[in-house]
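Each remark here refers to the structure printed beneath this line.
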Amino acid sequence: MRAVVVALGKIGLPLAVAIAQAGHEVVGCDIDPDVVALINSAREPFPGEAGLQDALSRLVPAGRLRAVTDTTGAVAEGPELVVAVPPLMVDEQARPDFRILDAVVDDIGQGLQRGTVVSVETTLPVGTIRNRIAPRLAELSGLRPEQDFHAVHSPERVYSGRIFRDLATYPKIIGGLSDAGVARAVELYSSFLDVEVRALGSVEAAELTKLAETTYRDVNIALANEFARYADRIGVDVNEVIDAANSQPFSHVHRPGIAVGGHCIPVYPRFYLAGDPQAQLPAASRRVNEGMPAYAIELLAGELSGGVAGARVVILGVTYRGDVKETAFSGAFPVARELRERGAHAFASDPLYSAAELSALGFEPWDGTPVDAAIVQADHAGYAELRPRDVPGARVLIDGRGIVDIAPWRAAGVTIRRLGAS
């Protein structure tokens with residue numbers, strides 16, 4: 001098989017590698033010439049993906065994988081499969097901005113040949129393939145959808161940092177506009193994946209599958225956060241409660257936390273709601289989870305005499321996820337905003353970011369001078385070893401991720417609060 005993978009980011013490049021490792025010829029396309037140059041020199045353009053550098057070192061010299069900036073030209077060579085994984089950008093309210101996706105679709109459509117399957121793996125609002133992407137491909141190529149070419153959706157189901165493992169673990173979901181298109185896509189994906197490639201009856205079913213996965217997690221986390229807030233009111237440890245509840249096989253309660261961040265969990269429920277605006281649980285869950293940063297500040301205000309006005313507070317960790325240098329929808333932003341609105345002096349510190357990088361993100365970098373309080377926002381593994389000497393002057397610590405060792409803080413006379421664990 002000849003395949004083209006468009007958008008060589010943290011999802012697209014490992015996918016291109018996975019196809020090439022199965023013995024196929026792969027052309028990767030990206031608009032960034034630096035990314036293309038790095039790949040063609042067999043160097044990973046971003047760190048942290050297990051096995052990626054080793055695979056590039058083998059596949060690129062062997063001629064199995066090459067990168068180009070000309071998507072239209074690569075697609076015009078007539079590959080059997082084109083996989084597109086461009087980001088679907090969103091605004092601060094997680095409303096989709098289709099400009100990048102549309103540009104990629106246009107590049108593909110201008111080179112599209114008969115017999116090609118175009119698979120979009122980007123998570124999409126329901127109806128995007130049928131009503132937006134397939135008609136545009138047909139318009140630009142002059143080809144007939146589901147007769148001359150096929151358009152399918154196969155939502156990515158991987159986690160950054162462990163993509164190759166996830167590709168080898170979870171069933172691959174495929175939905176299309178016709179039975180023939182789905183069957184052909186299943187055949188092509190099965191040629192490079194060893195897991196089940198599962199055909200769904202329609203492209204809408206495939207689009208909804210990813211939204212269902214992620215919306216479920218958001219709803220579950222919101223429920224855990226509701227439990228945590230109630231546990232604070234009645235004086236019990238919510239984590240003990242959750243552990244006890246989950247000790248039987250019908251309960252799978254997630255963990256509470258100061259924020260739900262990232263490219264997926266805070267975003268895709270909004271995609272779902274765009275198609276089903278009458279849905280009540282996803283909307284309520286978004287409100288609960290988006291309210292947790294303010295709740296953490298309420299806990300802090302209750303422990304500082306006089307509240308947070310005038311207090312010097314350092315936010316520890318600005319990433320949305322521990323030990324991953326990503327800030328998409330990170331809780332650090334609303335935490336900092338809430339502190340400032342209440343009159344506090346908010347600082348930020350993160351072992352993954354320099355002072356200049358923190359400033360560029362809109363935070364005031366902490367220089368290590370004494371503060372009144374600290375808020376652990378990211379669950380970096382190193383914070384498990386955090387000690388009072390690391391945050392001089394702090395009288396209160398809000399552990400928003402349940403990662404800090406409580407004992408040394410209490411021994412030093414510091415008030416420490418966890419969500420749902422008074």
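The values are calculated or read from the model by the stated rules, or taken from the named source; none is laboratory data. Every value quoted in this text rests on a predicted model; they were computed, and no experiment measured them. Methodologically, a virtual Cβ is constructed for each residue, glycine included, from the backbone with ideal geometry; neighbour enumeration extends over all protein chains shown. Side chains are part of the model used for accessible areas, which takes the heavy atoms of the whole protein and leaves out ligands, DNA and RNA. Shrake-Rupley method; radii C 1.70, N 1.55, O 1.52, S 1.80 Å.
Taking amide H positions as placed 1.01 Å from N in the peptide plane, with prolines and chain starts having none, which residues 5 or more places from G322, or on another chain, fall under 5 Å of its amide H?
Residues meeting the criterion, in which the H sits 1.01 Å from N, are D379.
Starting from the stretch 227-258, pick out the chymotrypsin sites (Phe, Trp or Tyr not before Pro) whose DSSP state is loop and whose Cβ has at most 13 other Cβ atoms within 10 Å. If you can, show how the numbers build up before the last one.
Working: sites: F227, Y230, F250; in loops: F250.
Taking the stretch 227-258 and a limit of 13 other Cβ atoms within 10 Å, the loop chymotrypsin sites (Phe, Trp or Tyr not before Pro) found are F250.
Which values of log₁₀ I(q)/I(0), to two decimal places, follow from the Debye formula for the stretch 336-385 at q = 0.18, 0.19, 0.26, 0.31 Å⁻¹ with a uniform point scatterer at every Cα?
After summing over all Cα pairs, the log10 values are -0.63, -0.70, -1.21, -1.34.
Under 12 Å from the Cβ of V4, count the other residues' Cβ atoms, weight Lys and Arg +1, Asp and Glu -1, and hand me the total.
With Lys, Arg at +1 and Asp, Glu at -1, the neighbours total -4.
Based on C-alpha coordinates, I'd like the Rg and Dmax of the stretch 126-181, in Å.
When restricted to Cα atoms, the stretch 126-181 yields Rg and Dmax of 14.2, 40 Å.
Hey, what D do you get for the stretch 47-154 in µm²/s if you plug the Kirkwood alpha-carbon radius into Stokes-Einstein at 25 °C and 0.890 mPa s? Working shown, then result.
On the way: Rh = 15.2 Å.
For the chosen part, D equals 162 µm²/s.
Provide, as a two-decimal number, the C-alpha radius of gyration of the stretch 219-294 over 2.2 N^0.38 Å, N being how many residues it has.
Details: Rg = 13.5 Å, N = 76, 2.2 N^0.38 = 11.4 Å.
Relative to the rule-of-thumb radius for its length, the stretch 219-294 sits at 1.18.
Relative to 2.2 N^0.38 Å, what does the C-alpha radius of gyration of the stretch 245-354 come to as a ratio? Two decimals please. Kindly include the intermediate steps, with their values, before the conclusion.
On the way: Rg = 16.3 Å, N = 110, 2.2 N^0.38 = 13.1 Å.
For the stretch 245-354, the normalised Cα radius of gyration is 1.24.
Tell me, what is the FRET efficiency for A360 and A279 to the nearest 0.05, using R0 = 41 angstrom and their Cβ-Cβ distance as r? Walk me through the intermediate numbers first.
Details: r = 37 Å, r/R0 = 0.90.
About 0.65, to the nearest 0.05.
Identify the trypsin sites (Lys or Arg not before Pro) of the stretch 1-57 meeting these criteria: DSSP loop state and at most 14 other C-beta atoms within 10 Å of the C-beta.
Those satisfying the criteria are R43.
Can you work out the FRET efficiency for the pair R114 and E213, with r the C-beta to C-beta distance and R0 = 60 Å, to the nearest 0.05?
Details: r = 34 Å, r/R0 = 0.57.
According to the calculation, E is roughly 0.95.
At q = 0.13, 0.15, 0.18 Å⁻¹, what log₁₀ I(q)/I(0) does the stretch 109-257 have when each alpha carbon counts as one equal point scatterer in the Debye sum?
Debye curve over Cα of the stretch 109-257, log10 I(q)/I(0) at q = 0.13, 0.15, 0.18 Å⁻¹: -0.70, -0.82, -1.02.
Out of residues 5 or more away from R418 or on other chains, whose amide H comes under 5 Å of its own, with H placed 1.01 Å from N in the peptide plane?
Amide H neighbours of R418: D399.
Where Rh denotes the Kirkwood radius from the mean inverse Cα pair distance, what is Rg over Rh for the chain?
Working: Rg = 23.8 Å, Rh = 23.3 Å.
Using only Cα positions, Rg/Rh for the chain is 1.02.
Mind checking the full-extension length gain between V195 and D97? Use 0.36 nm per residue of separation minus the Cα-Cα distance, one decimal, nm.
Numbers: separation 98, 0.36 × 98 = 35.28 nm, distance 3.27 nm.
Gain on stretching V195 to D97: 32.0 nm.
Quick one: Karplus J couplings for the stretch 153-164, per residue in order, coefficients 6.51, -1.76, 1.60, θ = phi - 60°, nearest Hz, x for Gly and Pro?
With the stated coefficients, the stretch 153-164 comes to 10, 9, x, 5, 9, 10, 10, 3, x, 9, 5, 5 Hz.
Per DSSP helix of 4 or more residues, -39500 (n - 2.57); summed, then divided by the residues of the chain. What does that give at 222 nm, rounded to the nearest 500? Can you show the working numbers first?
On the way: 16 runs with 162 residues, N = 422.
Mean residue ellipticity, 222 nm, calculated: -11500 deg cm²/dmol.
Cα gyration tensor of the stretch 211-257, axes a ≥ b ≥ c as square roots of the eigenvalues: rounded (a/c below 1.5), prolate (a/b > b/c) or oblate? Write out the running numbers ahead of the final one.
Values: a/c = 3.37, a/b = 1.41, b/c = 2.39.
Since a/c reaches 1.5 but b/c is at least a/b, the shape of the stretch 211-257 is classed as oblate.
Per residue, what accessible area does the chain have, given a 1.4 Å probe and all protein chains present, in Å²?
Working: 17920 Å² over 422 residues.
Accessible surface, normalised per residue, equals 42 Å².
How large a share of the accessible area of the chain, in percent, is made up of carbon and sulfur atoms when the probe is 1.4 Å and the other protein chains stay in place? List each step's numbers first, then the result.
Values: 9260 of 17920 Å².
Carbon plus sulfur share of accessible area: 52 percent.
P(r) for the stretch 264-422, please, calculated from all Cα pair distances in 10 Å bins and given in %.
Bin by bin from 0 Å, the calculated values are 11, 39, 34, 13, 3, 0.
What are the trypsin sites (Lys or Arg not before Pro) within the stretch 56-157 that DSSP puts in a loop, where the Cβ has at most 12 other Cβ atoms within 10 Å?
In loop regions of the stretch 56-157 (DSSP not H, G, I, E or B), the sparsely surrounded trypsin sites (Lys or Arg not before Pro) are R114.
Each residue of the stretch 406-413 in order: what ³J(HN,Hα) in whole Hz does its phi give by Karplus 6.51 cos²θ - 1.76 cosθ + 1.60, θ = phi - 60°, with x for Gly and Pro?
Once rounded to whole Hz, the list reads 5, 3, x, 6, 5, 5, 8, x.
Assuming 1.002 mPa s and 20 °C, estimate D for the stretch 336-422 with Stokes-Einstein, Rh taken as the Kirkwood radius over Cα pairs, in µm²/s.
Details: Rh = 13.6 Å.
The Stokes-Einstein estimate is 157 µm²/s.
Which ³J(HN,Hα) values, rounded to whole Hz and listed in residue order, are derived for the stretch 230-243 from phi using the Karplus coefficients 6.51, -1.76 and 1.60 in 6.51 cos²θ - 1.76 cosθ + 1.60 with θ = phi - 60°, glycine and proline given as x?
5, 4, 4, 6, 9, x, 10, 8, 5, 5, 5, 5, 5, 4
Using modelled amide H (1.01 Å from N, peptide plane; none on Pro or chain starts), what sits under 5 Å from the amide H of T116, excluding residues fewer than 5 places away?
Close amide H contacts, sequence-distant or interchain: H150.
Would you work out the charge dipole size for the stretch 346-389 about its Cα centre, treating the Cβ of every Lys and Arg as +1 and the Cβ of every Asp and Glu as -1, and quote it to the nearest 20 debye? Write down the numbers at each step before the final one.
Values: 2 positive and 7 negative charges, 29 e Å.
In debye, rounded to 20, the stretch 346-389 gives about 140.
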